[in-house]
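Values in this text are rule-based calculations from the coordinates and carry no lab data. From a predicted model like this one, the values you see are computed outputs, not experimental measurements. Glycine also receives a Cβ, built like all others from the backbone with ideal geometry; neighbour counts cover every protein chain displayed.
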Amino acid sequence: MIANPLHSAKYFALASLAVLTLASCQEEVIDPLPEVYITDSLTVSPKQKVLVIETTGTWCQYCPNGAQSMIIATNTFNDSVNHESLIIPFASHTGDPLESSVQTALNTAFPTTGVPNFYVQNVDAGQSILGPIAGALAATPKVGVNHAWTMNATNDTIYVYPKVQFFENSQNSKYYVQSYVLVGAIDAKEYSGAGATVDLNQISSVPIVTTGSGATPTKWTGQADPLTKKNAGDIYQHEHTPMTSGLTPNAFGVELDSINPLGDNFFEGDIFGSRFTPIVIKIPLNKDIQMQVVRQLMPNVKLEVATLIWAPRTDGELGVLFVNGHIDHK
């Protein structure tokens with residue numbers, strides 16, 4: 001068997017780096033690699049995950065239908081055995097107080113002519129998403145990602161440590177890795193404090209949800225699909241809202257070829273985000289004013305962290321396409 005010259009070059013590059021290190025001044029003290037790195041125990045799933053982007057708004061009278069569809073999807077496509085979410089739900093708000101710069105960028109990259117509306121795996125799916133999700137889950141991925149994350153002592157910054165693994169060769173390819181903080185479990189009602197008032201009541205003209213008023217929240221009526229597991233009187237909540245992302249030179253994340261000795265040539269078995277090729281994405285939680293307001297007025301919100309792999313579009317259009325990802329929450 002003839003060895004792939006690019007693959008051989010990869011090991012030559014790493015070996016050369018080691019030789020240069022040994023040949024450097026003997027008096028230089030180099031800190032040893034940590035015995036245990038935070039991603040050592042992480043396993044990257046070989047499954048294809050599906051990004052589901054819902055365009056929504058508190059002002060949108062039909063958007064409770066979209067929320068119901070997203071709840072059904074997250075309840076349906078969930079690997080309870082491996083405690084793994086098979087879909088990555090992003091509820092991207094437009095024209096309301098929850099819209100942040102991250103959501104504005106998503107709304108630009110994935111435009112829609114109506115609200116509510118869904119993109120499933122980069123394709124405009126309208127409002128019918130279960131079939132497209134099932135179809136997308138059947139794909140075989142080239143690359144996957146897992147992550148660990150920590151919060152600093154002052155609870156104002158999250159550090160994400162992605163671990164990326166390739167399952168197939170991918171040459172002359174460009175990838176970005178970005179991490180996002182999503183907020184959820186936000187009761188749909190009016191909030192006041194610190195001189196600010198924010199109305200997050202959900203407008204509704206559909207029978208499954210009643211519109212709230214002031215501090216009286218929007219509620220489910222009990223007529224929703226049983227798969228939502230929502231009962232009459234349950235408070236309607238805004239979920240899976242991507243509020244902020246990592247501080248990276250590119251808005252869509254760390255360029256993977258910048259830490260790969262072979263640039264944009266990747267091979268089956270390659271792993272990035274280990275102790276040898278660490279990736280750390282810093283996410284200040286007070287970077288966006290919307291996140292500041294949420295944390296100040298709604299201290300009990302649920303945080304989720306998602307790490308997505310993006311690739312630039314190759315059809316001549318500007319923007320990116322989702323490749324694979326991972327989401328969890330604490």
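By how many nm would the segment from Phe276 to Gln292 grow when fully extended, if each residue of separation counts as 0.36 nm and the alpha-carbon distance is taken off?
Gain on stretching Phe276 to Gln292: 2.2 nm.
Let's test this: bin the Cα-Cα distances of the chain at 10 Å from zero up to the farthest pair and state each bin's percent.
Percent of Cα pairs in each bin: 5, 24, 31, 22, 11, 5, 2, 0.
Please compute the net charge surrounding Ala105, taking Lys and Arg as +1 and Asp and Glu as -1 over other residues with Cβ under 14 Å from its Cβ.
After counting each charged neighbour, the total is -1.
May I ask you to derive the FRET efficiency for Asp124 and Glu84 from their Cβ-Cβ distance with R0 = 22 Å, giving the value to the nearest 0.05? The partial results should precede the final answer.
Numbers: r = 27 Å, r/R0 = 1.21.
Computed FRET efficiency for Asp124 and Glu84: 0.25.
Over the chain, what is the mean sequence separation of C-alpha contacts under 8 Å (at least six apart), divided by residue count, expressed as relative contact order in percent?
On the way: 711 pairs, mean separation 75.7, N = 330.
Relative CO of the chain lands at 23 percent.
Once R0 is set to 30 Å, what does the formula 1/(1 + (r/R0)^6) return for the Cβ-Cβ distance between Thr140 and Asp315, expressed as a FRET efficiency to the nearest 0.05? Present the calculation step by step, with values, prior to reporting the outcome.
Details: r = 22 Å, r/R0 = 0.72.
Working from the Cβ atoms, E equals 0.85.
Which residues among region 158-189 fall inside the zone where the amide N is under 15 Å from a point 7 Å beyond the Cα of Ser258, along Cα→Cβ?
162, 174-179
Scale the Cα Rg of region 230-315 by the rule-of-thumb value 2.2 N^0.38 Å and send over the ratio, two decimals. Intermediate results must be reported in sequence, preceding the final value.
Details: Rg = 18.0 Å, N = 86, 2.2 N^0.38 = 12.0 Å.
After normalising by residue count via 2.2 N^0.38 Å, the value is 1.51.
Based only on Cα atoms, what mean projected area does the convex hull of region 68-199 have, in nm²?
Values: hull surface 45.2 nm².
One quarter of the hull surface, i.e. the mean projection, equals 11.3 nm².
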